Every structure is written in C-alpha cells, then in structure tokens.
Amino acid sequence: SVILSLLMHANSDPQQEPYRHYFRALSLLAKNDIFVEFGLNIIVEFYESLRAGLAAYGEWDGAPETFDAAAGKVFEELKYPSDFVNELKKMLQLAGEANTKKASAVPISLDDAIKMKTFCDAYFIVRARRYLQEVATKRSISR
C-alpha cells in the first residue's frame, strides 16, 4: 500500500519510468520456467528500474560512470548493513554487464534476478515512505 500510494502520485514520465521497468521485470518473472529462462532480461529490467528511480528522484545525475557510487551512497545513507551494500555493488556490476550484453559468458541465475528485485524493493519502499512523510508534513502545516 505504501508503494501504491507513491505509484498513484507519479505524475511525470520520469517518475513513471522506474515502475514500467519494475512491472516488466515482474511479468518476466511470472513467465520464467524451466523451458524458457528470463533471468538475464529480469535482472536488466530491475537494474533499469533502479537507475530510472534514482534519476527520477534526483539521487543520481544520470551519468553512467557515477551510477554505482550514487546507488551505494543512497543505501549507505539509509543505514543498510555493509554486507547489503557490498552485495548491491556486486549485483550492480553483474546487472550492468548484462545490460550491455557482456554477460553472455557469465550466467545469470534466477537468484541474481531476485536479489536485484530486493534492492529495487528496498529503494522504492524507502522512497514511498519519504513521500508519505512529505505529504503528512504538508497537511499538518496547512492546518
């Protein structure tokens, strides 16, 4: 419900873009099976979702070379444990390689895709809570 409130108030294309990627990844996750594996596509969509989210909410400048540092900084500022942030950095490197199609030599597992989903979930939940706090603050000020 927290995420839904943020999604419903995403009023510009940049704010809607992260969720387009996120929902594409969820769709691919639902279609994934032993006959057709979409691990590579899923991890790329979650990666693009996180990139679009950080850019849309002003936490990344959009330059490819600064993305990993910006994402790491966001999760460090949120006081996530260092092992979480280190795993995030590993997954961002893997997903970045997959995104540029360099990962053909590195197999992408469904576990990797789920880890990337977890990072997206963590970010969007925090983003949604911040949004709800801002709305509550504005309402209390206007009263």
| query | Just checking, how many residues over the stretch 8-25 are over 24 Å from residue 68 (Cβ atoms) and in contact (Cβ under 8 Å) with a residue 60 or more places away in the chain? | reply | 1
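Which one of 52, 69, 30, 63 is more than 18 Å from residue 125 (Cα to Cα), free of Cβ contacts under 8 Å to residues at least 40 places away in the same chain, of a type in the set (A, V, I, L, M) and open to solvent by less than 40 Å² (accessible area, probe 1.4 Å)?
Numbers: 52 fails: more than 18 Å from residue 125 (Cα to Cα); 69 fails: open to solvent by less than 40 Å² (accessible area, probe 1.4 Å); 30 fails: open to solvent by less than 40 Å² (accessible area, probe 1.4 Å).
Exactly one of 52, 69, 30, 63 is more than 18 Å from residue 125 (Cα to Cα), free of Cβ contacts under 8 Å to residues at least 40 places away in the same chain, of a type in the set (A, V, I, L, M) and open to solvent by less than 40 Å² (accessible area, probe 1.4 Å), namely 63.
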| note | Residues in the stretch 10-69 that are within 22 Å of residue 113 (Cα to Cα) and among the acidic types (Asp, Glu) total 6
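The values are calculated or read from the model by the stated rules, or taken from the named source; none is laboratory data. Because the structure is predicted, anything quoted here is derived from the model rather than measured. Every residue, glycine as well, gets a Cβ built from its backbone with ideal geometry; the counts of neighbours run over all protein chains shown. Please note that ligands, DNA and RNA were not included when accessible areas were found on the heavy atoms of the full protein model with its side chains. Shrake-Rupley method; radii C 1.70, N 1.55, O 1.52, S 1.80 Å.
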